[in-house]
Amino acid sequence: MMKAKFIALISALLLISVSGSQVFAGAWTAKQGGMYNKLALNYFESKKYYDDDGNRQRLAYDGKYSDTNLNCYLEYGLTDDLTLIGSFYYKWLEQENDYFKAESDGVGDFEVGLKWKLLDDPLVLAIQALTKISGPYDDDEVPGLGNNQTDFELRLLLGKSLYPLPLYMGLEAAYRWRSKAPADEWRLLAEIGGNAGKYFYGRVKLDCLFSANNAESGAGFTNITLTPEYDLITLDTTLGVNFNEHVSLEFSYVPTIYGENTAAGYTLSSALVYSF
């Protein structure tokens, strides 16, 4: 049943005709000396969770979890084929129910990596190596700001322009090794987007995370989004407006559409993009 749902979602995504594009989307790299900067304010809210069978259940005692965060994401072209990547978070977390309330805030985990373009034609092919480094937070924070561990991810990226249509599409596959108790992860992504005239663009991403189910026995968690073994599928829909060739504004709605052993909810985002 899960496999059938996944295939149906991928098929639906590839049939969507949306406008939109990102300057250095997916497999594409930045030109040498070029830079893509994105400052995003994100709000995730959950009042339900996915159980072991993928069914949505209400959080106990009218519970609610929220994650408000500020994310700085950048790409810098070291050469035309090699791009440096960085992603940094500051988070404000809140978890409450009828009998309990906890809040935490601080610098979250951050990621650094390199994307190397291997092929330009007939499609764009790249590999990406990424390291997630634990932020400077306290392990005793509730809700937890992270797992306090270092992860390593290797990703294969494919991209294809659909010119003369103002569209592109991309596919990605990755494996993330996790250094401590939580399970490793398989990650898959399908994306389509393009431009609607000079000023407007958009994209849709189907983002899938599947646990490798190899977590250590007794692994714990301090946050319902950081369970030791979980699956999660989200659908990211983004619309943007170009003010000029360098500055854009984006708005995103990202609901969770399937999961196991993790929070069910949605994310709202607004982002300012500057590129050169």
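The values are calculated or read from the model by the stated rules, or taken from the named source; none is laboratory data. These numbers were taken from a predicted model, which means no experiment stands behind them. Note that each Cβ is placed from the backbone with ideal geometry, even for glycine, and that neighbours are counted across all protein chains shown.
Out of curiosity, is Glu250 more than 25 Å from Arg155 (Cα to Cα) and not in a strand (DSSP E or B)? Don't jump to the end; show me each part of the working.
Numbers: more than 25 Å from Arg155 (Cα to Cα): yes; not in a strand (DSSP E or B): no.
It is false that Glu250 is more than 25 Å from Arg155 (Cα to Cα) and not in a strand (DSSP E or B).
Inside the range 142-169, can you point out the residues that are crowded, with 19+ Cβ neighbours inside 10 Å and in contact (Cβ under 8 Å) with a residue 40 or more places away in the chain?
Initial filter on the range 142-169 (crowded, with 19+ Cβ neighbours inside 10 Å): 143-147, 151, 153, 155, 157, 159, 167-169.
Those that are crowded, with 19+ Cβ neighbours inside 10 Å and in contact (Cβ under 8 Å) with a residue 40 or more places away in the chain: Pro143, Gly144, Leu145, Gly146, Asn147, Glu153, Leu157, Gly159, Leu167, Tyr168, Met169.
Restricting to the range 121-155, name every residue that is assigned to a strand (DSSP E or B) and under 30 Å from Gly194 (Cβ atoms). Reasoning before the result, please.
Start the filter on the range 121-155 by keeping residues that are assigned to a strand (DSSP E or B), which leaves 124-133, 151-155.
Within the range 121-155, Val124, Leu125, Ala126, Ile127, Gln128, Ala129, Leu130, Glu153, Leu154, Arg155 meet the criteria.
Can you say whether Arg176 is under 30 Å from Leu118 (Cβ atoms), surrounded by fewer than 20 Cβ atoms within 10 Å (Cβ to Cβ) and either out of contact with any His (no Cβ under 8 Å at 6 or more places or on another chain) or free of Cβ contacts under 8 Å to residues at least 40 places away in the same chain (or both), as far as the supplied structure shows? Even if it seems obvious, please write down each step before you answer.
Working: under 30 Å from Leu118 (Cβ atoms): yes; surrounded by fewer than 20 Cβ atoms within 10 Å (Cβ to Cβ): yes; either out of contact with any His (no Cβ under 8 Å at 6 or more places or on another chain) or free of Cβ contacts under 8 Å to residues at least 40 places away in the same chain (or both): yes.
Taking the combined requirement at face value, the residue satisfies it.
Which members of the range 32-79 meet the condition of being loosely packed, with under 14 Cβ neighbours inside 10 Å, of a type outside the set (A, V, I, L, M) and either closer than 16 Å to Asn97 by Cβ or under 19 Å from the mean Cα position of the chain (by Cα) (or both)?
Gln57, Arg58, Tyr61, Asp62
Looking only at residues that are at pLDDT 95 or above and among the small types (Gly, Ala, Ser) in the range 197-211, which one is nearest to Arg176 (Cα to Cα)?
Ser211
Going by the conditions given, is Leu118 more than 27 Å from Asp67 (Cα to Cα), modelled with pLDDT of 95 or more and either out of contact with any His (no Cβ under 9 Å at 6 or more places or on another chain) or assigned to a strand (DSSP E or B) (or both)? Steps first, answer last, please.
Numbers: more than 27 Å from Asp67 (Cα to Cα): yes; modelled with pLDDT of 95 or more: yes; either out of contact with any His (no Cβ under 9 Å at 6 or more places or on another chain) or assigned to a strand (DSSP E or B) (or both): yes.
Judged against the criteria, Leu118 is a match.
Out of curiosity, is Asp207 out of contact with any Pro (no Cβ under 7 Å at 6 or more places or on another chain) and outside any strand (DSSP E or B)?
On the way: out of contact with any Pro (no Cβ under 7 Å at 6 or more places or on another chain): yes; outside any strand (DSSP E or B): no.
So Asp207 fails the test.
One residue is enough: does the range 212-220 have a residue meeting the conditions at pLDDT below 90, part of a loop (DSSP other than H, G, I, E, B) and among the acidic types (Asp, Glu)? Write out each step before concluding.
Within the range 212-220, the first condition is being at pLDDT below 90, and the residues that meet it are 215-220.
If we keep only those that are part of a loop (DSSP other than H, G, I, E, B) as well, we get 215-220.
Narrowing the set further to residues that are among the acidic types (Asp, Glu) leaves 216.
Yes, there is a match, as at least one residue in the range 212-220 is at pLDDT below 90, part of a loop (DSSP other than H, G, I, E, B) and among the acidic types (Asp, Glu).
Can you tell me which residue within the range 95-141, out of those that are surrounded by 13 or more Cβ atoms within 10 Å (Cβ to Cβ) and hydroxyl-bearing (Ser, Thr, Tyr), is nearest to Arg178 (Cα to Cα)?
Result: Thr131.
Out of the range 228-260, which residues are crowded, with 19+ Cβ neighbours inside 10 Å, over 17 Å from the mean Cα position of the chain (by Cα) and not acidic (Asp, Glu)?
Pro228, Gly240, Ser248
One residue is enough: does the range 203-216 have a residue meeting the conditions closer than 23 Å to Leu145 by Cα, surrounded by fewer than 17 Cβ atoms within 10 Å (Cβ to Cβ) and in contact (Cβ under 8 Å) with a residue 60 or more places away in the chain?
Looking for residues that are closer than 23 Å to Leu145 by Cα, surrounded by fewer than 17 Cβ atoms within 10 Å (Cβ to Cβ) and in contact (Cβ under 8 Å) with a residue 60 or more places away in the chain, one finds none in the range 203-216, hence no.
From Pro255, Pro228, Pro182, grab the single residue that is under 27 Å from Asn37 (Cβ atoms) and either in a loop (DSSP other than H, G, I, E, B) or free of Cβ contacts under 8 Å to residues at least 24 places away in the same chain (or both). Break it down into steps so the answer makes sense when it comes.
Values: Pro228 fails: under 27 Å from Asn37 (Cβ atoms); Pro182 fails: under 27 Å from Asn37 (Cβ atoms).
Exactly one residue qualifies, and that residue is Pro255.
Does Gly86 satisfy the condition of being closer than 23 Å to Ala40 by Cα and in a loop (DSSP other than H, G, I, E, B)? Give the steps one after another, and end with the answer.
Numbers: closer than 23 Å to Ala40 by Cα: yes; in a loop (DSSP other than H, G, I, E, B): no.
Criteria not met by Gly86.
Would you say Leu158 is assigned to a strand (DSSP E or B), closer than 21 Å to Lys31 by Cβ, touching a Gly at 6+ places or on another chain (Cβ under 8 Å) and at pLDDT 95 or above? Walk me through it before giving the result.
On the way: assigned to a strand (DSSP E or B): yes; closer than 21 Å to Lys31 by Cβ: yes; touching a Gly at 6+ places or on another chain (Cβ under 8 Å): yes; at pLDDT 95 or above: yes.
Yes; evaluated as a whole, the condition is true for this residue.
Would you confirm whether or not the range 95-110 contains a residue that is closer than 25 Å to Leu206 by Cβ and aliphatic (A, V, I, L, M)?
Scanning the range 95-110, I find no residue that is closer than 25 Å to Leu206 by Cβ and aliphatic (A, V, I, L, M), so the answer is no.
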